[in-house]
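Step one of this worksheet: look at the structure below.
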There are 2 protein chains.
Amino acid sequence: MVLQGWTGPKKVDGEFIEGSFRSHQVPLTRAKTDPKHLEQLKEWLTSYKPEELFKKDGSPIDNILSIIPENDEKKLGQLKETYDPYVGVKVPDWKKYGVEKGSEISAMMVCGKLLDKTLQENPNTVRIFSPDELASNKLDAVFDHTGRNFQWDQFSRASGGRVTEVLSEHNCQGWMQGYTLTGRVGLFPSYESFLGIVHTMMVQYAKFSKMAQEVKWRKPIGSLNYIETSTWTRQEHNGFSHQNPSFIGAVLNLKPTAARVYLPPDANCFLSTLAHCLRSKDYVNLMVGSKAPSPVYLSVDEAEAHCRAGASVWKFASTDDGLNPDVVVVGIGAEITFEVIKAAELLLELEPNLRVRVVNVTDLMVLGTEGTHPHALTHDDFDALFTHDRPIHFNYHGYAAELKGLLFGRPQVERITVESYREEGSTTTPFDMMLLNKVSRYDVAEAALKGAAKSNEKVKLELGMKLSEIRHRVQKIKQYILENGKGMCKL
Amino acid sequence: MVLQGWTGPKKVDGEFIEGSFRSHQVPLTRAKTDPKHLEQLKEWLTSYKPEELFKKDGSPIDNILSIIPENDEKKLGQLKETYDPYVGVKVPDWKKYGVEKGSEISAMMVCGKLLDKTLQENPNTVRIFSPDELASNKLDAVFDHTGRNFQWDQFSRASGGRVTEVLSEHNCQGWMQGYTLTGRVGLFPSYESFLGIVHTMMVQYAKFSKMAQEVKWRKPIGSLNYIETSTWTRQEHNGFSHQNPSFIGAVLNLKPTAARVYLPPDANCFLSTLAHCLRSKDYVNLMVGSKAPSPVYLSVDEAEAHCRAGASVWKFASTDDGLNPDVVVVGIGAEITFEVIKAAELLLELEPNLRVRVVNVTDLMVLGTEGTHPHALTHDDFDALFTHDRPIHFNYHGYAAELKGLLFGRPQVERITVESYREEGSTTTPFDMMLLNKVSRYDVAEAALKGAAKSNEKVKLELGMKLSEIRHRVQKIKQYILENGKGMCKL
């Protein structure tokens with residue numbers, strides 16, 4: 001018999017129960033077999049005077065039943081606000097905020113402008129919950145037309161800002177859950193390394209959401225929307241303590257009906273993804289991207305098509321538009337993809353015979369085996385993108401194990417190699433962070449050469465020479481970084 | 001120029017800095033280029049009166065230097081307690097607490113007795129930090145000779161118990177870190193689902209530990225030791241909200257020098273693992289096991305050998321001691337392994353032609369590709385255990401993706417199937433929880449038959465018949481559970 005709480009019999013077998021920690025255990029363990037325990041159970045339960053609360057047939061007394069409103073509109077569970085609260089948000093046309101292909105700009109700064117407009121056009125149904133300075137995450141364009149919702153300052157409070165900032169991820173998560181459950185739409189931008197703090201809160205919410213979707217009467221509500229920026233790739237100033245991409249894995253382990261993870265490679269892709277997520281329902285959307293100025297690879301229309309597909313061949317960075325490649329190199333994540341593109345340039349210089357295809361994956365969920373997730377590519381589509389039998393090297397933003405877990409059921413995984421964040425970091429230069437974690441252009445080029453050498457005799461012949469050349473260049477760069485304490489040199 | 005904190009110039013460009021949130025941003029963004037900003041920077045820094053603190057050559061004034069003790073023994077950083085604090089623990093011979101092979105007992109109850117003795121023999125160097133009732137986790141034998149260290153009750157406090165209980169995982173984690181860093185040994189038992197709460201705290205500590213091990217002068221200290229029990233497999237009463245095996249993934253993503261994950265299948269294996277972990281240094285040890293009465297598969301000596309190997313063929317559960325199998329079925333986790341053994345029995349009945357090898361993995365780290373972890377099996381050893389080319393079905397306690405991530409680099413992974421916790425749960429019967437997550441004996445048997453049918457013509461011929469028989473039995477059981485609301489029936 002399990003009865004937990006703060007109350008219980010006064011004493012059982014000589015031990016105090018009521019008012020002690022034992023009341024949260026099983027107070028009468030032998031009620032089924034020991035008549036004394038059974039008697040104590042009866043005494044305790046009788047102390048609640050059930051005869052005053054129930055009729056002889058077991059139904060509650062009229063006084064209790066009279067609390068229930070006669071009018072359905074007054075019953076809490078019958079209110080639309082309870083079972084179908086969604087009011088949502090009208091997301092402005094993100095394309096108007098698109099930036100020029102070929103330019104260099106912070107994806108967060110661009111998204112800040114879309115968010116500014118979204119807040120203006122939806123003054124009562126969107127809020128941003130932020131544990132870090134929104135300014136530090138470069139989303140401060142939202143302050144052009146709203147403010148921080150300070151509570152300790154009567155003047156600020158009066159202005160009713162739509163940004164609620166507090167340095168407590170738990171607090172922000174709770175706010176977003178409540179706000180979402182009442183039909184509105186929340187956005188939780190954070191330094192990447194600190195979202196893991198609410199890992200279990202997010203999972204518990206997702207459990208509730210799963211069960212809610214399994215009952216007929218509860219209607220869809222907004223998604224939980226997370227932006228991770230200030231990622232490990234650019235924590236050269238904060239260092240190792242600010243590197244933790246584990247929230248990706250937390251979302252990946254949710255039910256496929258809810259799990260959505262995006263790593264948009266540039267500002268236009270991030271705009272498209274953000275607009276999609278704010279409109280979506282019942283998901284847990286995680287968007288991971290860069291706040292630093294980064295190249296814009298795709299035009300607005302190209303970004304739209306790329307994001308719809310979830311992954312595509314980047315012809316402009318590939319040999320012969322990616323036709324008939326010797327090797328496929330894949331970038332997942334903004335800075336990581338930049339290194340892949342630079343690796344393709346490097347390979348063109350070092351080994352012109354090598355045919356390289358560059359692929360970017362912006363929707364992580366396309367990679368899982370056919371049928372495991374609504375977004376998962378069919379086997380045929382996977383082959384079309386990654387070839388049927390060429391070596392594939394993945395340069396990935398998160399932990400390698402989770403990517404390998406996704407790719408596990410794909411055909412011929414022996415041809416796949418993966419490099420990714422490997423818990424290496426320090427206060428160093430951004431490029432050294434790439435080198436430390438083996439995701440630099442040189443590491444990608446090395447992996448591509450090794451992979452291609454298995455089937456391409458010409459590449460194999462000169463493999464040793466080319467690898468020596470690469471390692472020599474890395475040595476020189478490392479020395480430069482050590483001596484000068486600054487960025488990527490042009491070697 | 002980055003200067004963060006609570007202070008700053010009074011005002012910059014018309015905005016208050018000092019005493020406002022802006023002091024934690026970059027207060028003077030253009031100090032390098034704007035003479036006015038540079039002047040303000042100078043004013044601000046000069047306000048600290050550096051001329052009173054430093055000599056003309058830049059060294060501190062004598063008054064400051066005089067604070068440094070002349071005697072090395074008084075310098076904090078020179079004390080042994082700082083750089084080499086380890087005093088550790090003498091773990092009693094765990095074999096004395098071993099239980100009889102073939103009996104049925106709670107692994108936690110057995111470990112409680114070893115811990116009781118450990119606390120007695122190390123009165124000043126071991127503590128248990130516990131967010132849940134230790135009694136609920138069946139480790140309450142430790143209370144035979146110690147108590148809870150209450151702080152709000154002068155009488156209890158006077159007794160100085162070695163168990164510090166508080167329902168805050170963050171608090172327990174902080175205590176354990178401090179205790180470990182001062183040379184002693186801590187143990188943190190918890191309901192499985194709630195250890196994820198300290199995911200990022202554990203990762204941050206592991207980062208510190210990694211850096212500490214990279215400097216010569218800092219000596220090894222005790223490991224962080226976690227026990228996860230009350231796992232998802234036996235949360236039929238608490239249900240879905242109490243199911244979350246994500247802490248395994250958190251430990252797996254640490255550097256291989258620190259990451260240790262064990263899932264001992266029975267009481268004797270748990271004893272051996274616990275003794276090892278308490279003696280170990282500089283690791284993050286996660287032990288996952290059952291608190292419910294469970295079969296003891298291995299004798300004390302067998303358990304010792306099994307735990308040393310990390311994984312082995314369980315001859316007693318296999319066909320012909322596991323020789324020349326058609327299929328390999330693998331259990332990882334206590335309840336999960338029980339289902340594998342029952343599946344082997346079921347297969348013997350249903351398909352006597354099928355040769356089944358049963359393997360148990362107790363040390364998860366043996367599975368990763370050769371060279372990736374100190375415990376990883378060589379390719380040859382992996383083949384010896386799992387065969388070179390037979391189908392392998394893994395029945396796993398945690399999330400499938402992390403296991404697939406580990407197995408990714410092993411040869412011929414196409415022959416591997418994995419079932420595991422898939423975020424399904426409810427308040428139901430323990431066996432229904434197995435069915436819901438597709439890790440029941442019937443699911444294992446089905447996977448084994450399907451796998452074996454690929455190469456064994458005899459099995460293939462009757463595959464449809466056998467699968468129908470299995471599914472029919474499952475139907476009957478599900479109906480029984482629904483109608484009777486209780487356990488595994490003997491069908």
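The values are calculated or read from the model by the stated rules, or taken from the named source; none is laboratory data. Please read these numbers as outputs of a predicted model, since none were measured by experiment. Glycine also receives a Cβ, built like all others from the backbone with ideal geometry; neighbour counts cover every protein chain displayed.
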**Request:** Select from region B:312-347 the residues that are crowded, with 20+ Cβ neighbours inside 10 Å and in a loop (DSSP other than H, G, I, E, B) and list them in ascending order.
**Result:** B:314, B:318, B:325, B:326, B:333
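Report yes if residue B:146 is under 23 Å from residue B:117 (Cβ atoms), in contact with a Lys or Arg (Cβ under 8 Å, 6 or more places away or on another chain) and either charged (D, E, K, R) or not assigned by TED's automatic domain parsing to the domain that holds residue B:425 (or both), otherwise no. Step through it out loud before you land on a result.
Details: under 23 Å from residue B:117 (Cβ atoms): yes; in contact with a Lys or Arg (Cβ under 8 Å, 6 or more places away or on another chain): yes; either charged (D, E, K, R) or not assigned by TED's automatic domain parsing to the domain that holds residue B:425 (or both): yes.
Spelling it out, residue B:146 is indeed under 23 Å from residue B:117 (Cβ atoms), in contact with a Lys or Arg (Cβ under 8 Å, 6 or more places away or on another chain) and either charged (D, E, K, R) or not assigned by TED's automatic domain parsing to the domain that holds residue B:425 (or both).
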**Prompt:** Of the conditions (1) within 16 Å of the chain's Cα centre (by Cα); (2) within 14 Å of another protein chain (Cβ to nearest Cβ); (3) of a type outside the set (Ser, Thr, Tyr), residue B:275 fails just one. Which one is it?
**Reply:** (2)
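Mind checking whether some residue in region B:430-441 is surrounded by 15 or more Cβ atoms within 10 Å (Cβ to Cβ), touching a Cys at 6+ places or on another chain (Cβ under 9 Å) and either outside the structural domain of residue B:289 (by TED's automatic domain parsing) or under 23 Å from residue B:245 (Cβ atoms) (or both)? Walk me through how you get there before you give the answer.
Of region B:430-441, the ones surrounded by 15 or more Cβ atoms within 10 Å (Cβ to Cβ) are B:430-441.
Applying the additional criterion that residues be touching a Cys at 6+ places or on another chain (Cβ under 9 Å) yields B:431.
From what's left, either outside the structural domain of residue B:289 (by TED's automatic domain parsing) or under 23 Å from residue B:245 (Cβ atoms) (or both): B:431.
Among the residues of region B:430-441, at least one is surrounded by 15 or more Cβ atoms within 10 Å (Cβ to Cβ), touching a Cys at 6+ places or on another chain (Cβ under 9 Å) and either outside the structural domain of residue B:289 (by TED's automatic domain parsing) or under 23 Å from residue B:245 (Cβ atoms) (or both), which makes the answer yes.
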**Prompt:** Among the residues of region A:71-92, is there at least one that is under 30 Å from residue A:121 (Cα atoms) and among the small types (Gly, Ala, Ser)?
**Reply:** yes
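Yes/no per residue for (1) in the same structural domain as residue B:134 (by TED's automatic domain parsing); (2) under 16 Å from the mean Cα position of the chain (by Cα); (3) in a helix (DSSP H, G or I):
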position	(1), (2), (3)
B:175	yes, no, yes
B:178	yes, no, yes
B:183	yes, no, no
B:186	yes, yes, no
B:197	yes, yes, yes
B:201	yes, yes, yes
B:211	yes, no, yes
B:225	yes, yes, no
**Tabulated pairs, region A:220-241, first surrounded by fewer than 19 Cβ atoms within 10 Å (Cβ to Cβ), second part of a strand (DSSP E or B) and at pLDDT 90 or above, C-beta under 8 angstrom, 6+ apart or interchain** = A:220/A:281
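Please state which one of B:98, B:102 is touching a residue at least 24 places away in the same chain (Cβ under 8 Å) and surrounded by 15 or more Cβ atoms within 10 Å (Cβ to Cβ). Steps first, please.
Details: B:102 fails: surrounded by 15 or more Cβ atoms within 10 Å (Cβ to Cβ).
Residue meeting the stated conditions: B:98.
In region A:61-77, is there at least one residue being of a type in the set (Gly, Ala, Ser) and not assigned by TED's automatic domain parsing to the domain that holds residue A:229? Break it down into steps so the answer makes sense when it comes.
First pass over region A:61-77, keeping only residues of a type in the set (Gly, Ala, Ser): A:66, A:77.
Imposing the further condition that a residue be not assigned by TED's automatic domain parsing to the domain that holds residue A:229 reduces the set to A:66, A:77.
Yes - at least one qualifying residue is present in region A:61-77.
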**Asked** Is region B:27-47 home to any residue that is within 42 Å of the chain's Cα centre (by Cα) and of a type in the set (Phe, Trp, Tyr)?
**Response** no
**region B:370-386, residues that are part of a helix (DSSP H, G or I) and within 14 Å of chain A (Cβ to nearest Cβ)** = B:379
**Message:** Just to be sure I understand the filter: pairs with C-beta atoms under 9 Å, separated by 6 or more residues or on different chains, first member in region B:387-406 and within 13 Å of chain A (Cβ to nearest Cβ) and in contact (Cβ under 8 Å) with a residue 12 or more places away in the chain, second member among the basic types (Lys, Arg) and outside any helix (DSSP H, G or I). Which pairs pass?
**Reply:** B:399/B:422; B:400/B:422
**Request:** Report yes if some residue within region B:20-27 is part of a loop (DSSP other than H, G, I, E, B), surrounded by 14 or more Cβ atoms within 10 Å (Cβ to Cβ) and either hydrophobic (A, V, I, L, M, F, W, C) or in the same structural domain as residue B:270 (by TED's automatic domain parsing) (or both); otherwise report no.
**Result:** yes
**Asked** Do you know which residues across region B:188-219 are in contact (Cβ under 8 Å) with a residue 60 or more places away in the chain and of a type in the set (Gly, Ala, Ser)?
**Response** B:190, B:206, B:209
**Item:** Residue that is surrounded by the fewest Cβ atoms within 10 Å (Cβ to Cβ) [pool: residues in region B:159-191 that are touching a Leu at 6+ places or on another chain (Cβ under 7 Å) and at pLDDT below 95]
**Value:** B:165
**Asked** Does region B:380-396 include one or more residues that are surrounded by 17 or more Cβ atoms within 10 Å (Cβ to Cβ), of a type outside the set (Val, Ile, Thr) and under 17 Å from the mean Cα position of the chain (by Cα)?
**Response** yes
**Message:** Would you confirm, using the coordinates I've provided, whether residue B:8 is over 21 Å from residue A:136 (Cβ atoms) and part of a loop (DSSP other than H, G, I, E, B)?
**Reply:** no
**Residue pairs meeting the criteria (Cβ under 8 Å; at least 6 apart or on separate chains; first in the same structural domain as residue B:351 (by TED's automatic domain parsing), in region B:308-328; second in a loop (DSSP other than H, G, I, E, B) and surrounded by fewer than 16 Cβ atoms within 10 Å (Cβ to Cβ))** = B:326/B:455
**Prompt:** How many residues does region A:409-460 contain that are touching a residue at least 60 places away in the same chain (Cβ under 8 Å), within 10 Å of another protein chain (Cβ to nearest Cβ), in a loop (DSSP other than H, G, I, E, B) and not acidic (Asp, Glu)?
**Reply:** 2
**Positions within region B:237-272 being more than 12 Å from chain A (Cβ to nearest Cβ) and more than 12 Å from the chain's Cα centre (by Cα), in sequence order** = B:265, B:266, B:267, B:268, B:269, B:270, B:271, B:272
**Request:** Examine region A:42-49 for a residue that is surrounded by 12 or more Cβ atoms within 10 Å (Cβ to Cβ) and basic (Lys, Arg), and state whether such a residue exists.
**Result:** no
**Request:** State all residues of region A:184-236 that are in contact with a Gly (Cβ under 9 Å, 6 or more places away or on another chain), of a type outside the set (A, V, I, L, M, F, W, C), over 23 Å from residue A:424 (Cα atoms) and within 13 Å of chain B (Cβ to nearest Cβ); if no residue qualifies, say none.
**Result:** A:200, A:207
